[in-house]
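Following this message is one structure expressed as structure tokens.
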Amino acid sequence: MSKHDEWRIRASAMARKSDNPIRQLVEGLKLEPHPGKPMIALSIGDPTIFGNLKPPSEVLDALIESVSSQRYNGYAPSAGHEEARAAVANYSSHSDLQIKPKDVILCSGCSSALDICVAVIADPGKNILIPSPGFPLYKTLIEGLGIEARYYKLQEKFDWEIDLKDLERNIDESTAAIIVNNPSNPCGSVYSKEHLISILEIAKKYHLPIIADEIYEHLVFEGEKFIPMASLSDEVPILSCSGLTKRFLIPGWRMGWVIIHDKNEIFDKQIRGGLQKLTQRTIGSSTLIQGALPHILSKTPEKFYTDTISVIQRNAQLVYKNLSQIEGLKPIMPRGAMYMMVRIDLDKFPSFNNGLDFVTKLVSEESCFCLPGEVSIDYINTNLFIKVRNIYSNYFPLTFSNYLFYSHTAIYY
């Protein structure tokens with residue numbers, strides 16, 4: 001039996017592959033704001049950061065009651081307390097979509113929900129299709145498990161709808177699932193019924209399940225309508241992910257969920273059992289928040305929801321109006337969520353090389369921190385310098401390396 005003759009401790013392959021470009025940029029890049037100008041942080045979709053958007057008293061009271069009851073200090077079943085799961089099932093059901101508590105799995109935030117969906121659906125060597133531009137965490141979760149994150153294009157000129165031909169081109173025998181993000185982070189798109197049906201037809205044709213990231217399901221602007229993907233599916237099995245984070249303005253409370261939609265029982269027992277086993281790795285989500293869930297989901301007044309959306313929409317309109325007046329910048333008005341894509345015409349800014357360079361200078365000169373578009377597409381991250389694989393150069397007038405993510409929740413009135 002051989003013995004180690006020296007220290008040889010190395011990070012695992014999973015740890016080495018788990019790159020989160022947003023967090024690395026925000027937490028690792030040493031940016032110095034302009035002296036005398038307070039930092040305006042528009043880099044992460046945290047609606048609480050400036051204090052202008054707060055949860056309602058009903059949500060806070062629900063948590064206080066949960067803590068005071070002393071009933072939620074212990075472990076819960078790893079998928080969540082029955083009454084909490086029932087509350088989510090009731091909250092998420094409507095005339096076209098009836099959900100049972102057994103189909104709900106509570107998680108530590110929507111990111112945890114996405115994590116177990118990816119882990120249960122694909123083995124190393126498989127691939128999962130993800131949108132570009134899209135939420136960089138998809139790549140982090142997928143590639144950390146030795147699965148390929150394969151990009152399909154979103155089309156700016158069609159309100160960021162999926163390029164269905166490109167989606168289909170990327171499918172092969174190793175494709176395990178498609179991630180669909182609606183409403184979109186960072187594009188702010190809200191898909192029509194017809195477009196969602198077209199996506200489902202492709203998934204049905206190739207017998208692929210869908211992971212539906214619907215965390216922004218209720219943050220859609222006036223005149224827009226969110227349609228749960230599962231409400232349109234007669235055959236395609238769907239794992240939908242959502243949570244309290246955005247609508248209730250409490251991202252730090254870390255409460256999300258997976259809902260299993262499988263009318264024809266295409267998911268075999270291994271999928272349901274696998275999801276259950278994966279929750280057992282961390283023994284479930286916060287029991288204190290679980291105790292508060294029934295009251296949060298049933299007692300929050302409708303006025304709170306409408307007021308929040310009104311503020312975010314006005315902010316978006318204000319940002320769009322003002323950025324549109326700046327030569328060389330082209331903001332794209334969102335339909336929902338809390339982000340805005342802004343194209344930079346680098347010909348108008350010859351001193352900048354790319355989006356990252358633009359953002360760095362924006363911080364040092366104006367103390368305003370946005371995210372460069374490089375983090376939303378296929379990237380190679382080396383010592384926090386993001387090099388772009390120019391996969392869109394033949395399609396878009398400018399590549400997504402010339403975009404900013406712009407979180408517009410922070411504007412005051």
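The values are calculated or read from the model by the stated rules, or taken from the named source; none is laboratory data. Keep in mind that what you see is a predicted model, and the values were worked out from it rather than measured. Please note: Cβ atoms are built from the backbone with ideal geometry, for glycine as well, and neighbour counts cover all protein chains shown. Heads up: the accessible areas ignore ligands, DNA and RNA and are worked out on the full protein's heavy atoms, side chains in. Shrake-Rupley method; radii C 1.70, N 1.55, O 1.52, S 1.80 Å.
Just name one of Ser286, Ala89, Phe158: the one whose Cα is farthest towards the positive end of the charge dipole of the chain (beta-carbon charges, Lys/Arg +1, Asp/Glu -1).
Sorting the options by dipole projection puts first Ser286.
Then there is this: Which of the aspartates and glutamates could a cross-linker bridge to Lys204, judged by Cα under 16 Å and excluding same-chain residues fewer than eight apart?
Glu168, Asp172, Glu173, Glu194, Asp234, Glu235, Asp262, Glu265
Rounded to the nearest angstrom and ordered from largest down, what semi-axes does the equivalent ellipsoid of region 239-335 get from its C-alpha gyration tensor (root of 5λ)?
Taking √(5λ) for each eigenvalue gives 36, 20, 13 Å, largest first.
What figure, in Å² to the nearest 10, do you get for the accessible area of Thr282 with a 1.4 Å probe and non-protein molecules left out?
100 Å²
Okay, next question. When the label point is put 7 Å from the Cα of Glu83 along its Cα-to-beta-carbon vector, which residues of region 37-71 have a backbone N closer than 19 Å?
Hits in region 37-71 for Glu83 at 19 Å: 58-71.
Rounded to the nearest 0.05, what FRET efficiency do Leu60 and Lys303 have when you use their Cβ-Cβ distance and R0 = 22 Å?
0.85
With an 8 Å cut-off on Cα pairs and a minimum separation of 6 or more residues, tell me the relative contact order of the chain in percent.
After rounding, I find 24 percent.
Treating only the Cα positions of the chain as identical point scatterers, give the base-10 log of I(q)/I(0) from the Debye formula at each q in 0.06, 0.08, 0.11 Å⁻¹.
Evaluating at q = 0.06, 0.08, 0.11 Å⁻¹ gives log10 I(q)/I(0) of -0.25, -0.44, -0.85.
Further, regarding this structure: Mean residue ellipticity at 222 nm from the helices of the chain, using -39,500 (n - 2.57) per DSSP H segment of n ≥ 4 over the full residue count, to the nearest 500 deg cm²/dmol?
Result for the chain: -10000 deg cm²/dmol, rounded to the nearest 500.
Could I ask something else about it? Solvent-accessible area of Ser351, probe 1.4 Å, all protein chains present, reported in Å² to the nearest ten, please.
Spelled out: Ser351, probe radius 1.4 Å, area about 80 Å².
Follow-up question, since we're still on this one. Please give the direction-averaged projected area of the C-alpha convex hull for region 146-260, in square nanometres with one decimal.
Its average projected convex-hull area is 8.1 nm².
Between Asn127 and residues 5 or more places away or on another chain, which pairs have amide H atoms under 5 Å apart, with H built 1.01 Å from N, and which residues are they?
Glu148, Thr175, Ala176
Starting from the Cα of Lys54, draw a straight line to each of the lysines and keep only those under 18 Å, dropping any in the same chain fewer than 8 residues away.
Lys246, Lys299, Lys303
Related question: Using a probe radius of 1.4 Å on heavy atoms only, what accessible surface per residue do you get for region 221-279? Whole Å² is fine.
On a per-residue basis, 43 Å².
Given H placed on each backbone N at 1.01 Å, which residues far from Glu161 in sequence or on other chains put an amide H within less than 5 Å of it?
Close amide H contacts, sequence-distant or interchain: Gln155.
Under a 1.4 Å probe, what is the accessible area of region 1-160 per residue, stated in Å²?
With the other protein chains kept in place, region 1-160 gives 54 Å² per residue.
Could I ask something else about it? Show the residues, 5+ positions off or on another chain, whose built amide H is closer than 5 Å to the amide H of Ser184.
It is Ser189, by chain and number.
Right, something else. Label-point separation (nm) for Met39 and Glu168, each offset 7 Å from Cα along Cα-to-Cβ?
4.7 nm
I would also like to ask the following. To the nearest 20 debye, what is the magnitude of the charge dipole of the chain about its Cα centre, counting +1 on the Cβ of each Lys and Arg and -1 on the Cβ of each Asp and Glu?
600 debye
Rg and Dmax in Å for region 53-135, alpha carbons only: what are they?
16.8, 48
In whole Hz, what ³J(HN,Hα) sequence does region 159-168 give by Karplus (6.51, -1.76, 1.60; θ = phi - 60°), x for Gly and Pro?
Karplus-based 3J(HN,Hα) across region 159-168 equals 6, 6, 5, 5, 6, 5, 5, 5, 4, 5 Hz.
Summing Lys, Arg as +1 and Asp, Glu as -1, what charge do residues with Cβ under 13 Å from the Cβ of Leu60 carry, Leu60 excluded?
So the environment of Leu60 carries a net charge of -1.
Using Cα pairs under 8 angstrom and six or more residues apart, how large is the relative contact order of region 50-104, in percent?
Once divided by the residue count of region 50-104, the mean separation gives 24 percent.
For the chain, which whole-number percentage of the solvent-accessible area (1.4 Å probe, protein heavy atoms only) is attributable to carbon and sulfur atoms?
Percent of accessible area from carbon and sulfur atoms in the chain: 51.
Which one of Ile259, Gly134, Gly274 has its Cα pushed farthest toward the positive end of the charge dipole of the chain, where Lys and Arg give +1 and Asp and Glu give -1 at the Cβ?
Value computed over the given set: Gly274.
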